[in-house]
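Below is one structure; the comments refer to it alone.
Derivation of every value follows stated rules applied to the coordinates shown; laboratory data play no part. These numbers were taken from a predicted model, which means no experiment stands behind them. With ideal geometry, Cβ positions are generated from the backbone for all residues, glycine too; neighbour counts draw on all protein chains shown.
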Amino acid sequence: MNISEEGRSLIKKFEGCELKAYQCSANVWTIGYGHTAGVKEGDEIDQSAAEEMLQEDLAEFEGYVNQWVMVPLEQNQFDALVSWTYNLGVGNLKSSTMLKELNNGNYDRVPGEMARWNKAGGEVLEGLERRRKAEGLLFTGGEWYAV
């Protein structure tokens, strides 16, 4: 599967786009729409490069979800999982209770498990709480835009 425009919209909303490198709440150098690979202090890009980086990154994270999820997914469920994994990384996906529950067919438990991942640096962040709520709503086919 591939992410839809709705999934891309959720990621763009919560990542935002920064054309100059900055350190995110987890102190990782980041640029564009949450791109981290090879980013260092002082890096700058243009909007076109940000879009290209996002496209490349999404292909990578689509691959992780396709590889590790063993149950059928609807498009909205796939989109929510790609967003979650894009934000938290494949290591967290692979080791998460969320993935175990999902692969056991417990689709209804996924939003609650997603919501548990709301901390950076050991602190609960409002932005992560909002993102997890939006991802949970998208997973269930709900309206996430106002979150």
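Sparsely packed loop sites in segment 53-97 (the GluC sites (Glu not before Pro) outside DSSP H, G, I, E and B with at most 13 other Cβ atoms within 10 Å) comprise GLU74. Here segment 26-114 is treated as an ellipsoid with the same Cα gyration tensor; its semi-axes, largest first and in whole Å, are 28, 14, 10. Under 23 Å of direct C-alpha separation, and excluding same-chain neighbours fewer than eight residues apart, LYS119 reaches these lysines: LYS12, LYS13, LYS94, LYS100, LYS133. Among LEU99, LEU128, LEU88, the residue with the largest mean-square fluctuation in a Gaussian network model of the chain, with springs joining Cα atoms closer than 10 Å, is LEU88.
Take the Cα of TYR22, go 7 Å toward its beta carbon, and the backbone nitrogen atoms of segment 48-82 under 16 Å from that spot belong to 50. Could you please state, rounded to a whole Å, how far the C-alpha centre of segment 30-68 is from the C-alpha centre of segment 3-24? What the calculation gives is 9 Å, centre to centre. For the chain, a Gaussian network of Cα nodes joined below 10 Å ranks ASN87, ASN66, ASN106 by mean-square fluctuation, and the top entry is ASN106. For the chain, leaving out every one of the trypsin sites (Lys or Arg not before Pro) that falls in a DSSP loop and has at most 12 other Cβ atoms within 10 Å, the longest unbroken run is 41-115. Note that segment 6-17 has calculated 3J(HN,Hα) couplings of 5, x, 4, 4, 4, 4, 4, 4, 8, 7, x, 10 Hz, one per residue in order, obtained from phi through the Karplus relation 6.51 cos²θ - 1.76 cosθ + 1.60 (θ = phi - 60°); glycine and proline are x.
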